Amino acid sequence: MSIVRPFNVEQVRSDFPVLNREVHGKPLVYFDTAASAQRPVAVIEAIDDFYRRHNANVHRGVHSLSQEATDLYEGGRKKLADFINAASDREIVFTRGTTEAINLVAQSFLRPVLNPGDEILVSHMEHHANIVPWQMLCQQTGAVLKVIPINQRGELEIESLPDLLTERVKLVGLVHISNALGTVNPVAEVCRMAKKSGIPVLIDGAQAMPHTPVDVQALGCDFYCLSGHKMYGPTGIGALWAREATLEAMPPWQGGGEMIRRVTFEDTTWNDVPAKFEAGTPHIAGAIGLGAAVDYLSSFDPAEIAVHENTVLEYASQRLQEIEGLRIIGTAHHKAGVISFTLKDVHPHDLGTVIDHYGIALRTGHHCAMPVMQFFGVPATARVSFGLYNTVSEVDALIEALLSAREMFV
Ligand code: PLP
């Protein structure tokens, strides 16, 4: 996709209608992109246009609307495939998001081959979405979940991998960018190490997609999972990427319409990939909106987005440290878009509630990553997370709000 726009944050902000609103009489400062990004008008309009002009079910109709809907839906798949450099759009299975993509791999790829005593390796910084499906699988099969340790900065202890990657390991599941710490993991290196032992690797790319260009072929992983709503697209849509041959070898996961070729009461044969994994009416508008989000992201030079986001991240990291009693959780050398912190013994929920009165949206809690909270000995943190629309002056507003909150609580 050709680059059409130089990155200009004020212009970018004008693409996001919600950023014009006020909260508690103050301009909205949205620092919760890691939970769900805001949507640019291009995405909103693509969805609106689908429902206004083309709405029909996909794949099954001969009438014009159904064909238009099918073209738009499959167009979303093609855009996403190109965006992550998949070899073919048949390698993209639409799912509800990262969570569903991981569950699909657990149940369809891994469950049939797991034996008691086999191991699944995940890191200590995973989101629950990349822990619980494997734990459930272990309960179903007698396999064992093992953990790659992290250090006090919140970085993967990659030097422990050679010992952990034994012949018992049947899959490595690793987050690309941690939603709780912001750590960017050396995923290509982990893939290389696992590949030497013939172990497949699943990458949880939920947080990486909006921040960094993803090339699934260059990464060398076997599965890449992503969510539309983290990358400025709709909720309820995401994808699993895997090589076509891998998907073809996997049994279907859910049964129903669309995933079949022929059904009798005696027997059913499966459709080709990716339809084999897309039972039932899909989230058509979601796939179209995701395609529009891909177009939106592709309209910038990713290096320019990275420079801007890093400026905001660096500035915020530095300014937050000016606040006495504030502890940043997760200080990896390579970070993206997320800062978790605690402020003395103020409960993060109380902090978040006060900060909201300044119009600032930040997240508080365990961020669906309880094991990493346990590692750092905290029940919860406050977390600011950045998108391409955030600015350093918004960080200044946060610092002022935190200083006032500090006066109130400490
Ligand atoms: N993995 C990571 C790192 C996440 O941050 C999230 C969501 O916060 C998920 C997985 C789950 O994504 P979804 O809820 O869109 O399936």
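The values are calculated or read from the model by the stated rules, or taken from the named source; none is laboratory data. Keep in mind that what you see is a predicted model, and the values were worked out from it rather than measured. Cβ placement follows ideal geometry from the backbone for every residue including glycine, while neighbour counts extend to all protein chains displayed. SASA here: full protein model, heavy atoms, side chains in, ligands and nucleic acids out. Shrake-Rupley method; radii C 1.70, N 1.55, O 1.52, S 1.80 Å.
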Kindly work out what percent of the DSSP beta bridges joining two residues of the range 44-298 are antiparallel, to the nearest 5. 45 percent
Span-rule helices in the chain, defined as complete DSSP H runs reaching 24 Å or more along the axis (Cα) with Kyte mean at least 0.0: 392-409
Computed from the beta carbon distance with a Förster radius of 30 Å, FRET efficiency for Leu403 and His334 to the nearest 0.05 stands at 0.55
Label point 7 Å out from Glu244 along Cα-to-Cβ: which residues of the range 78-94 have amide N under 13 Å? 86-92
Under a 1.4 Å probe, what is the accessible area of the chain per residue, stated in Å²? 42 Å²
What does the charge dipole of the chain about its Cα centre add up to, to the nearest 20 debye, if the Cβ of each Lys and Arg holds +1 and the Cβ of each Asp and Glu holds -1? 460 debye
DSSP loop (so not H, G, I, E, B), at most 15 other Cβ within 10 Å: list which trypsin sites (Lys or Arg not before Pro) in the range 2-58 pass both filters. Arg21
Net +/- balance of residues flanking Leu247 in space, Cβ distance below 9 Å, scoring K and R +1, D and E -1: 0
Sequence gap of 8 or more, or different chains, plus Cα separation below 26 Å: how many lysine pairs satisfy both in the chain? 16
Per the Cα gyration tensor, the chain corresponds to an equivalent ellipsoid with semi-axes, largest first in Å, of 35, 29, 18
Heavy atoms of Leu65: accessible area, 1.4 Å probe, square angstrom to 10: 70 Å²
Taking Lys and Arg as +1 and Asp and Glu as -1, residues besides Gln207 with C-beta under 14 Å from its C-beta add up to 0
222 nm mean residue ellipticity, helices alone, for the chain (DSSP H n ≥ 4; -39,500 (n - 2.57); rounded to 500): -10500 deg cm²/dmol
Exposure ranking of His127, His176, His24 by accessible area [1.4 Å probe, largest first]: His24, His127, His176
If each K or R counts +1 and each D or E counts -1, the residues other than Gln67 whose Cβ falls under 11 Å of its Cβ total -2
Would you kindly state how much longer the chain becomes between Ser317 and Val41 on full extension, computed as 0.36 nm times their sequence separation minus their alpha carbon distance, in nm to one decimal? 96.3 nm
Please give the FRET efficiency for Ala56 paired with Asp396, using the beta carbon to beta carbon distance and R0 = 45 Å, rounded to the nearest 0.05. 0.40
Whole-percent carbon and sulfur contribution to the accessible surface of the range 44-298 (1.4 Å, no ligands, DNA or RNA) stands at 51 percent
Full-extension gain between Asn85 and Glu10, please, as 0.36 nm times their residue separation minus the C-alpha to C-alpha distance. 24.0 nm
FRET efficiency estimate (nearest 0.05) - Cβ-Cβ, Glu266 to Val23, R0 51 angstrom: 0.30
